[in-house]
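Asker: Quick one: structure below, then a few questions.
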Amino acid sequence: MMPSWPEVNAAVLAVLGDFGRSRRPVDRSSHSNGHPDVFVERLFSLRHAEGIGEVEEVQVAPGTVVTPLARDLLRRRRISLRVVSSREAATSRSILQGEWGFAIESRSGQVEAIRRGLLEDWSEIGSDSVQAARWVVGGDGRGAFVVTDEASVSAWRAGRIEGIRAATVADPEAVSRAIRHLGANLIVVEASGRSIYLLKQIGDRFRRGGAPIIPEWLEMEAVR
């Protein structure tokens with residue numbers, strides 16, 4: 001349900017009232033949208049406030065509306081609110097959207113056609129899954145798409161790189177599951193039997209998931 005005009009107006013005034021007040025250091029270990037930077041969505045609601053971890057400050061993009069209930073909860077938890085610059089917000093949006101690359105280690109006769117198709121939206125980052133994996137862990141919000149002749153071997157090689165969550169997929173639905181359950185940051189697809197159109201569909205589904213985020217259950221496993 002959309003907030004009423006009085007709620008929106010009050011929220012805007014609340015944000016403006018807090019602007020410039022607090023400059024305390026930020027604990028960047030947790031954030032409501034899964035990234036340690038700026039909240040860039042249009043509406044910061046009670047649901048978002050409830051999902052915040054132990055931080056001292058919440059940073060929001062210019063134009064983000066913070067609802068009164070969300071602001072009240074932040075105040076009770078002694079979490080300050082700050083509106084950042086447009087430049088900081090733009091950087092955070094870029095991270096949220098992700099950075100995407102591909103590698104082709106297939107010897108299929110349609111390799112060049114696959115490459116041309118992917119180059120419209122992706123950056124070529126290497127010639128095998130290991131190079132792709134190293135690229136992924138070399139920066140924030142990165143995801144890689146590997147086209148190969150043997151997915152199991154490629155995924156195994158990539159998975160040996162710390163920080164890689166590789167998944168072998170056959171269709172867009174499998175990509176969605178890999179994102180949802182694993183937070184996959186590298187997907188491996190076999191070229192055989194798949195059209196360039198299907199490969200692009202698989203890649204598009206991967207990108208639409210946004211910058212890969214490690215799922216909570218896997219974070220908990222890592223600290224055991």
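Asker: State all residues of region 82-106 that are farther than 11 Å from VAL38 by Cα and at pLDDT 80 or above; if no residue qualifies, say none.
Answerer: Correct list: GLY98, GLU99, TRP100, GLY101, PHE102, ALA103, ILE104, GLU105, SER106.
Asker: Would you be able to tell me the number of residues in region 110-120 that are open to solvent by 70 Å² or more (accessible area, probe 1.4 Å) and either at pLDDT 95 or above or within 16 Å of ASP149 (Cβ to Cβ) (or both)?
Answerer: So the count comes out to 1.
Asker: Considering region 179-208 alone, what residues qualify as being over 13 Å from ALA144 (Cβ atoms), surrounded by 19 or more Cβ atoms within 10 Å (Cβ to Cβ) and under 14 Å from the mean Cα position of the chain (by Cα)?
Answerer: ILE179, GLY183, ARG205
Asker: Looking at SER154, SER129, SER123 in this structure, which one is open to solvent by 60 Å² or more (accessible area, probe 1.4 Å) and under 18 Å from GLU105 (Cβ atoms)? Break it down into steps so the answer makes sense when it comes.
Answerer: Working: SER154 fails: open to solvent by 60 Å² or more (accessible area, probe 1.4 Å); SER129 fails: open to solvent by 60 Å² or more (accessible area, probe 1.4 Å).
Every option except SER123 fails the conditions.
Okay, residues lined up against (1) modelled with pLDDT under 95; (2) under 30 Å from GLU41 (Cβ atoms); (3) out of contact with any Ser or Thr (no Cβ under 8 Å at 6 or more places or on another chain):
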site: SER108; (1), (2), (3): yes, no, no
site: PHE145; (1), (2), (3): no, yes, yes
site: THR148; (1), (2), (3): no, no, no
site: ALA178; (1), (2), (3): no, yes, yes
site: LEU186; (1), (2), (3): no, yes, no
site: GLY203; (1), (2), (3): yes, yes, yes
site: ARG208; (1), (2), (3): yes, yes, yes
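Asker: Residues in region 158-165: is at least one open to solvent by less than 30 Å² (accessible area, probe 1.4 Å) and assigned to a helix (DSSP H, G or I)?
Answerer: yes
Asker: Test each condition in (1) in contact with a Phe, Trp or Tyr (Cβ under 9 Å, 6 or more places away or on another chain); (2) of a type in the set (Val, Ile, Thr); (3) part of a loop (DSSP other than H, G, I, E, B) for ILE125 and report the one that comes out false.
Answerer: Unmet condition: (3).
Asker: Right, something else. For region 200-217, enumerate the residues that are of a type in the set (A, V, I, L, M, F, W, C) and in contact with a helix residue (DSSP H, G or I) (Cβ under 6 Å, 6 or more places away or on another chain).
Answerer: Step one: list which residues in region 200-217 are of a type in the set (A, V, I, L, M, F, W, C), which gives 202, 206, 211, 213-214, 217.
Selection gives ILE202, PHE206, ALA211.
Asker: Among the residues of region 132-172 satisfying the criterion of being of a type in the set (D, E, K, R) and touching a residue at least 60 places away in the same chain (Cβ under 8 Å), which is farthest from TRP100 (Cα to Cα)?
Answerer: Here the residue is ASP140.
Asker: If you don't mind, another one. Identify all residues within region 41-57 that are assigned to a loop (DSSP other than H, G, I, E, B) and either acidic (Asp, Glu) or surrounded by 18 or more Cβ atoms within 10 Å (Cβ to Cβ) (or both); write none if there are none.
Answerer: Result: GLU41, ILE52, GLU54, VAL55, GLU56.
The values are calculated or read from the model by the stated rules, or taken from the named source; none is laboratory data. No experiment lies behind these values; they were computed from the predicted model shown. Every residue, glycine among them, receives a Cβ derived from its backbone with ideal geometry; neighbour counts consider all protein chains shown. We work out accessible area using only protein heavy atoms, side chains counted, and drop any ligands, DNA or RNA first. Shrake-Rupley method; radii C 1.70, N 1.55, O 1.52, S 1.80 Å.
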